[in-house]
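Data first, discussion second: the structure below is written as C-alpha cells.
The values are calculated or read from the model by the stated rules, or taken from the named source; none is laboratory data. None of the values given here were measured: they were computed from a predicted structure. Backbone-built Cβ (ideal geometry, glycine too); neighbour counts: all protein chains shown. Areas reflect the complete protein model, heavy atoms only, side chains present, ligands, DNA and RNA absent. Shrake-Rupley method; radii C 1.70, N 1.55, O 1.52, S 1.80 Å.
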Amino acid sequence: MKLFDMIIMCLRNLWRRKGRTLLTVIGVIIGCCAIIVMISLGQGMNAAMDNMLASWGDLNAITIYGNSRYIWVGDGNSNSEDKPKLDEEALEMMKNLDHVETVFPKIEVDSNYVTVTAGKNGRYKANWIEIYGVDFSALKKMGYVPEQGDYPSGDDTLHTLVFGNEAAYQFRDSKKRGQNSYTYKQMLPDGTWSEPFFDPMTESVQIYINNTKKPNDDGTYQSGGRAYEFKMTTAAVLEQDNDWQTVYSLMIDMDFAREIINSYNRLNNVKDATEPEFSQIKLWVDDINNVDAVETILSDLGYNTSSMASQRKSMQGQLGVVQMVLGCLAAISLLVAAIGITNTMIMSIYERTREIGIMKVLGCFISNIRVVFLMEAGMIGLLGGAIGTVISFIISAVMNTLGNDTFANMFGIYTDGSSPISIIPIWLVLLALAFSTVIGLISGFYPANRAVKISALEAIRNE
Amino acid sequence: MSFIEVTGLRKIYRLGQEKVYALKNINLKIERGEICCILGTSGSGKSTLLNMLAGLEKPTRGDIIINGVNIAKLSERKLARFRQENTGFVFQSYNLIPQLSSLENVGMPLMFKGWSRRKRDREAKKMLAAVGLKSRMKHRPNQMSGGQQQRVGIARAFVAKPNVVFADEPTGNLDTKTTADVMELMVKMCREHNLTLILVTHDLDIAKYADRIVHLIDGDIHSDELNKAVYDPFTEKDGDKSRQPAS
C-alpha cells in the first residue's frame, strides 16, 4: 500500500467521525496549551532572573576573595591560616587555568589607613572611602569606561587617581555643619544629576596616611607627616556601571597601594606586618558554561570564590522546582488527552471491525493496517498540538499585554517587571508539536495492536 | 501436480472441554480452470474448508498446496502477499466499504498491492464495465441494489487477475432472477480467464453451475462427483464430458 493511500485512508476515517475527532483534538489542544503556557512562564522567569543577575554583575566573572577581615565568606570557620595566599604566584596560576581569559587583581587599602582630601587646605575630606590598587593598563579590558578624562597613561602613573562614578560624593565639606556637609548623587527636578562639592577633574586631591596616635575629635586621624602625604593627579571619572565596589571608591596604582600599606604599618608600628596580598582577584571566563568548572577548581584549592553563575545555579534550582510543579500540572491534562485518544481509537476499531476484516481478506498487510491506525492517532495529536500552539501564542500575548503584576501574583512567580512573563521560544513550538504527535502515537499503539489482531474470519462472518 | 492439493486436512475447534471436529480428514485435488462447488448443510464444515483454502484459518493438521505453495505454513505477511497475487473473494453480504464509491471498492485489492491511483482506477473501470456497471462508478454501495452490489463485489474479486476465486454463498442474499444473473456473470468471467472458482453453497440450484460437486457431511467428503449436466449459460449445452475431476 502506498504511503499516500494510507494518508488518504487515515484522513477519510478521521473525517468520517468529525464530531468525535474534533472533541478528541480539543482534549489534546487543552493539554498542549497547558504545557506550552506553563513552560513559557518558566522561560519568562528564567529570563527575568538572568536580567536581574546581569544587573548585579557580570555573569562570566568569578571573584576570588582574599583573607580580608571585612569579607566573611564560606563556612564561617575559615581560618586565614588555612587559606592559600592570594599572591603573585596564585595570580600566575589562575592566569594559566583553562578557559580563563583575563585576571584582574585588586589590593584593597583599608579605609582606616588613609584620609583623602581635596580643595584648598584640604577643605573636602573623605575618611572612610575605599581605595583599591589595580592594574591601570587593564581598566579598558575590564570594561571600565571613563565618563570624564581618559584611561591613565604615560610612564609615571604612580600618583594617578581614577574616581568611581559616585566617589566624589563621598567627600564632605569640612566648613559646613550637619546635613549640609554631606551630598549624594540624585536626580534633580530638572532631570540632571546633582553635582558633588568639587570637580574631581580640576580640583587637587591629596592622600595622607593616618597616624593612629593622633586622633581627631570626630574619630578621624591626623596626617602622619609630610613624608606620608601624596599629591594625586586625577585621570578619569568612570561611568556608572554594575560594579558596586568601584562606584563609590577610588582606584590607584597597584604599587602605590602596596607602598601605602607598608608605610602605614611602619608609621603605626604594626606588629607581624606581612607583604600585602591581593584582597581580591576577578577572573573572566570565556563562556558562561565554563564558569562552574573553573570555580570548582579554585574553591577546591581552598579559595573563597563567588560568581553570579553560582548564584544563578542556586536560583535556577529554586525556579526549577516551581517550573516542575507547573509542568506536572500541565502534563496531567495531556495525559487525560492521551487517554481520550486511546478511547476514541478503540471505539473506532469496534465500528470498523468488519472493514478491517475485509481489508485483511483482500490482501492488506497487517503492517499497513497498523500504520493507518497509528497515523490516525498521531494525526489527532499533531492537529491538537498545532492548534494548541497557535492558541498558546494568543494566551501568551494576552498575559504579556495584560500586565505582569496580575498574572505574576496569580501564579506566585518571579518577575522583574521589564521582561515578558511568558516567552515561547521556537524550540518549545517544535517540542510541543513533536511531543503531542508522540503522545498521539503512543495512545494509538494499543488500539492499533488490537486492530491488527482482529480475525478476518470474525469480521466477515455473515450475520 | 494439480493446481490445488489438499491432503489430510483436519480442523478441531475447542469449545471449553469439548473438541469439535469441523473437518475430519479432507483430501482434495482441484485443477486449474475448474469450477468446483462445495455443497453442504450448515455445520457440515464447508465454510471452514473454504476459510482454510483461502488461508484465513490455520488447519490443525494437513497441507494445502495452491499453485505449488503450502499456504498452511506461510507467515501472516506472506499470506497477505499470497492473497494479493492469487485469490479473489466474493461474499454473501457483499462486504463493500460503505464510504467508498464502487470504483474505489473495486480498486481496493490493487491499492493493497501498492498500485498508483491512476493505474488502479483504469483497471477498476474496465472491470466495472465488464460487469455492466459502467454508469454506477461513482455510486456508493447503499445507492445500489443487492444485485448491483454483488456485481461490484465480483468486479473486486476479479480485478487483480487472481488464479482462484472463492465465493461463499454469493447469492445467499439475492432473489432468484438476480441469482441467475450473478452466477452467470461469475461463471463467464472464470471461463474467460481460465480461473479456478471454489463455490460454497447449500443450494443445489447454484451447484448446477459447477463442473464438479464436492458434498460435505459432518466434516467429511461424502461424495465427489462430476456434474453430469453442467449448466453452461453460454452454449446452452449440457455437460462437457472432456472435463474430468482430478481425484
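Annotations
- Considering only B:Asn227, A:Gln148, A:Trp244, and ranking their Cα positions along the charge dipole of the protein assembly as shown that arises from unit charges at the beta-carbon of Lys, Arg, Asp and Glu, the one farthest toward the positive end is B:Asn227.
- Estimated dipole of region A:61-286 in Debye, rounded to 20 [Cβ of Lys and Arg +1, of Asp and Glu -1, Cα centre]: 1240 debye
- Between 0 and 90 degrees, the angle of helix B:76-86 with respect to the longest Cα principal axis of chain B falls at about 60 degrees.
- Distance in nm between pseudo-label sites at B:Arg191 and B:Tyr21 (7 Å out along the Cβ direction from Cα): 4.0 nm
- Buried between A and B is an accessible area of approximately 2400 Å², summed over both sides with a 1.4 Å probe.
- When DSSP beta bridges are restricted to pairs lying wholly in the protein assembly as shown, around 70% turn out antiparallel.
- Ellipticity estimate at 222 nm from DSSP helix runs (n ≥ 4, -39,500 (n - 2.57)) divided over chain B, nearest 500: -10000 deg cm²/dmol
- Burial of 50 Å² or greater, region A:358-378 residues [accessible area, probe 1.4 Å, versus chain by itself]: A:Ile358, A:Val361, A:Leu362, A:Gly363, A:Phe365
- Over all other residues within a Cβ to Cβ distance under 10 Å of A:Phe373, the charged ones net out to +2, with Lys and Arg as +1 and Asp and Glu as -1.
- The fraction of accessible area contributed by carbon and sulfur in the protein assembly as shown is 54 percent, rounded to a whole number (1.4 Å probe; ligands and nucleic acids excluded).
- Chain A: angle of helix A:366-402 to the longest principal axis, Cα-based, in degrees nearest 10: 40 degrees
- Nearest-ten-degree value, helix A:254-267 long axis tilted from longest Cα axis of chain A: 50 degrees
- Over chain A, dividing the summed -39,500 (n - 2.57) contributions of all DSSP H runs of at least 4 residues by the number of residues returns a 222 nm mean residue ellipticity of -16000 deg cm²/dmol.
- DSSP beta bridge pairing in region A:61-286, given as percent antiparallel to the nearest 5: 80 percent
- Qualifying trypsin sites (Lys or Arg not before Pro) in region A:235-320, where qualification requires a DSSP coil assignment and no more than 10 other C-beta atoms within 10 Å, comprise A:Lys271.
- Partners for B:Lys161 among lysines (Cα-Cα distance below 17 Å; same-chain residues under 8 apart left out): B:Lys113, B:Lys119, B:Lys125, B:Lys126, B:Lys188
- Peptide B:108-115 is shielded by partner chain Cβ atoms: per residue, an average of 6 of them sit within 10 Å of its Cβ.
- Accessible area (Å², per residue) of the protein assembly as shown, counting only protein heavy atoms and a probe of 1.4 Å: 48 Å²
- Interface burial in region A:1-44 reaches 30 Å² or more for A:Met1, A:Lys2, A:Asp5, A:Arg12, A:Arg16, comparing the full protein assembly with the chain by itself; accessible area from heavy atoms with a 1.4 Å probe.
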